[in-house]
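Comments concern the structure below.
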Amino acid sequence: MQIPIIRVKLSENSVNEVAQTLQAGMIAEGKKTQQFEQEFAKYIGVKHAITTLNGTMALQLAIKSLRISNGEIITTPFTFIASANSIIYNNLKPVFADINPETFNLDPQKIVEKITNKTKAIMPVHLFGQPCEMKEFKEICEDHDLYLIEDSAQAHGAEYYKQKTGSLSDLGCFSFYATKNMTTGEGGMITTNSDTLAKRIKLYRNHGQTRKYEHTQIGYNYRMNDILSSIGLRELEELDNNNSKRILNAEKMNSQLKINTPKQINEIKHVYHQYVIKTDNREALQKHLMENGIGTAIHYPIPVHKQKSYKKIGYIDNLFNAEQISKQVLSLPIHQHLTEEEVDYIIKTINKF
């Protein structure tokens with residue numbers, strides 16, 4: 001049996017929608033993109049959803065819309081590097097706080113000690129599909145007059161106290177990369193309830209253009225096209241069903257695996273973008289699974305503050321939990337295309353080890 005860590009399959013509805021868009025001849029940004037934005041905003045429960053070409057661009061523009069200068073944003077060191085890079089792209093400094101070793105998310109208790117008069121915002125990441133403890137982050141931001149940005153790139157459809165991620169802060173940012181819970185191949189989305197921020201983001205996304213050939217500020221070409229939006233429309237329809245399959249797979253693995261399974265906090269909906277276990281025998285277990293046809297991955301082997309690119313610009317923080325967890329985590333297949341037989345095989349193979 002061969003079980004890859006991920007299987008990317010577009011639904012038949014997505015393929016048909018793209019075909020119709022191509023046949024119609026409108027393949028740049030158009031009505032499909034506007035419709036996708038409207039449907040996504042409705043799904044998340046916000047006033048505005050604004051497409052971009054990828055998730056990194058979404059983060060970059062979200063931060064830029066705040067018009068912060070000479071400041072710092074506190075974020076997690078244990079995630080994909082795009083989160084921190086988006087801060088640097090805005091000529092701001094990422095400040096890293098340590099994580100909760102059980103949930104892998106940014107620890108609210110570690111945030112306060114990092115706040116200075118230079119701090120302008122906090123940007124937690126809903127890692128692996130599990131929402132952060134947003135109540136605590138909101139209280140910290142209110143107490144210190146800070147912006148709150150959600151990196152929801154891995155948490156499409158996840159919920160915190162029955163509210164969707166992306167609706168719990170000033171700005172939410174999503175990625176639609178091929179391996180995400182919903183995809184457009186590449187693509188991103190910014191969500192907000194602020195009319196002012198939405199207006200700024202739309203300007204930045206389209207060359208600072210208020211109307212054709214009139215540019216009121218320097219901007220970028222970060223627009224999504226109707227081909228990608230056609231995929232997004234149909235994949236959004238499938239999202240809750242696909243997440244339910246992931247959750248069922250995870251629940252079965254949680255109940256039967258004889259290993260340190262993911263911890264889920266109360267009152268949240270974890271959508272399992274990744275199913276991440278902890279083991280002190282990672283190399284041997286990964287080899288055992290590979291020999292038995294089961295794909296795995298390590299998310300993430302090097303915390304951001306320990307990356308060479310960050311060491312070169314002077315990051316020397318010691319963040320014990322993030323550094324320790326990066327040596328223990330191992331991601332197993334959890335995607336919605338797994339069969340019941342494959343889930344049973346994964347459980348049996350790990351328990352034999």
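The values are calculated or read from the model by the stated rules, or taken from the named source; none is laboratory data. Quantities reported herein were computed from a predicted structural model and do not represent experimental measurements. A quick note on method: Cβ atoms are made from the backbone with ideal geometry, for glycine too, and the neighbour counts reach across all protein chains shown. Areas reflect the complete protein model, heavy atoms only, side chains present, ligands, DNA and RNA absent. Shrake-Rupley method; radii C 1.70, N 1.55, O 1.52, S 1.80 Å.
A few comments on the model shown:
- Which numbered condition ASN266 fails, given (1) within 24 Å of PRO301 (Cβ to Cβ); (2) at pLDDT below 95: (1)
- Selection from the stretch 240-259 of residues that are more than 24 Å from TYR161 (Cβ to Cβ) and surrounded by fewer than 14 Cβ atoms within 10 Å (Cβ to Cβ): SER255, LYS258
- Of the residues making up the stretch 297-319, those that are over 11 Å from PHE78 (Cβ atoms) and open to solvent by 30 Å² or more (accessible area, probe 1.4 Å) are ILE298, GLN307, LYS308, SER309, LYS311, LYS312, ILE313, GLY314, ILE316, ASP317, ASN318.
- If you go through the stretch 129-154 and keep only what is surrounded by fewer than 24 Cβ atoms within 10 Å (Cβ to Cβ) and assigned to a strand (DSSP E or B), you end up with TYR147, LEU148.
- Candidates are the residues of the stretch 166-185 that are over 10 Å from ALA153 (Cβ atoms) and hydroxyl-bearing (Ser, Thr, Tyr); the one that is most open to solvent (accessible area, probe 1.4 Å) is THR179.
- Hey, ASP240 within 19 Å of GLN38 (Cβ to Cβ) and within 19 Å of the chain's Cα centre (by Cα) or not: yes
- Residues of the stretch 28-79 that are touching a residue at least 60 places away in the same chain (Cβ under 8 Å), surrounded by fewer than 19 Cβ atoms within 10 Å (Cβ to Cβ) and either among the hydroxyl-bearing types (Ser, Thr, Tyr) or closer than 26 Å to THR103 by Cα (or both): GLY45 alone.
- Counted residues, the stretch 107-128 - those being out of contact with any helix residue (DSSP H, G or I) (no Cβ under 8 Å at 6 or more places or on another chain) and open to solvent by less than 40 Å² (accessible area, probe 1.4 Å): 3
Residues are listed down the side, and each one gets a yes or a no for (1) touching a residue at least 24 places away in the same chain (Cβ under 8 Å); (2) in a loop (DSSP other than H, G, I, E, B):
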position	(1), (2)
LEU248	no, no
ILE265	yes, yes
GLN286	yes, no
TYR300	yes, yes
GLU323	no, no
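- Each residue in the stretch 3-27 was checked for being within 29 Å of PHE128 (Cα to Cα), in a helix (DSSP H, G or I) and open to solvent by 60 Å² or more (accessible area, probe 1.4 Å), and 3 pass.
- Residues located in the stretch 320-346, provided they are open to solvent by less than 10 Å² (accessible area, probe 1.4 Å), of a type in the set (A, V, I, L, M, F, W, C) and touching a helix residue (DSSP H, G or I) at 6+ places or on another chain (Cβ under 9 Å): ALA322, VAL329, LEU330, LEU332, ILE334, VAL343, ILE346
- Screening LEU168 on (1) under 24 Å from ARG223 (Cα atoms); (2) part of a loop (DSSP other than H, G, I, E, B); (3) in contact with a helix residue (DSSP H, G or I) (Cβ under 6 Å, 6 or more places away or on another chain) shows it passes everything except condition (1).
- Any hit, the stretch 192-204, residues being under 23 Å from LYS64 (Cα atoms), modelled with pLDDT under 95 and surrounded by fewer than 20 Cβ atoms within 10 Å (Cβ to Cβ): no
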